[in-house]
């Protein structure tokens, strides 16, 4: 089984099953290099695991969400306002449907799922990450520059040469929005975030650099969170292993006590038999002598 097949199985599991299954898969792999790669696979966040599950269980729903992004890019390029308005409604309806399809998720997880799918509608790189089914963390796109998703997926994904929606619209407006006075984006719709507010005297290049720095910092937080989650999983495993070993030690202690008691009983029985065998042997010798006299 290759790396992709192993990853496909692992990222189809519930988060709580991931670490043990990953370690089992790595331990059963004869190829040491592949085993090391498997062991390095990171556990997905709750929202990422929910989206990975949707990709596998409801692929048509996810594909419908992602296709809205392709159609909106075409509509923006054609400046077709009627199509944009219709697709905006379709987008929101599909996002709500996909979010509701994840049963039992907390409000935080639901919000991250919606933000990730929203990013996938806006950004083709995010769409490729979602479509892969190997998502590790939630995604968020500003719609300004195409996302870097290398650290957000377990395996590399291919991203087509497609620009985000804001570029398709000639640099004006956002998904489902329109340009306000002076060419500034109007108030964003539900579930969307504006780019960072421009500081006084800040040029467009400086603002883009600041936004990139913010995204880099956010990725660092996500990586640190993922590392902490991995260590937490490993701690849980060690706690379980220590508990198992302690239980085994206690069982061995009880068995040792039983064996020692049985050994004491065996030694006492041996002493008693040794005490009784001496007169029995003497009686045997006397009986043999008596028999010989009678025969003689």
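Listed from fewest to most Cβ neighbours within 10 Å, the set 135, 252, 61, 13 follows the order 252, 61, 13, 135. Taking only the alpha carbons of the stretch 1-160, we obtain Rg and Dmax values of 16.8, 58 Å in that order. The ellipsoid that matches the Cα gyration tensor of the stretch 49-138 has semi-axes, each √(5λ) in whole angstrom, of 23, 13, 11, with the longest given first.
The residues 221, 109, when put in order of fewest to most other Cβ atoms within 10 Å, stand as 221, 109. Between residue 35 and residue 131, the modelled labels are 3.6 nm apart [label points 7 Å from Cα along Cα→Cβ]. Dimensions of the stretch 1-87 along the principal axes, based on C-alpha atoms and rounded to the nearest Å, stand at 57, 24, 18, largest first. Estimated translational diffusion coefficient (Stokes-Einstein, Kirkwood radius over Cα pairs, 25 °C, 0.890 mPa s) of the stretch 46-85: 215 µm² per second.
Among 38, 51, sorting on how many other beta-carbon atoms sit within 10 Å of each Cβ, with the fewest leading, yields 38, 51. Computed extension gain for residue 280 through residue 246, at 0.36 nm per residue and net of the alpha carbon distance, reaches 7.2 nm. Label positions at residue 63 and residue 269, each projected 7 Å from the Cα along the C-beta direction, are separated by 7.4 nm.
The numbers here are math on the coordinates, done by the rules we state, and not lab data. Please read these numbers as outputs of a predicted model, since none were measured by experiment. When we count neighbours, we look across all protein chains shown, and the Cβ atoms used for this are built from the backbone with ideal geometry, even at glycine.
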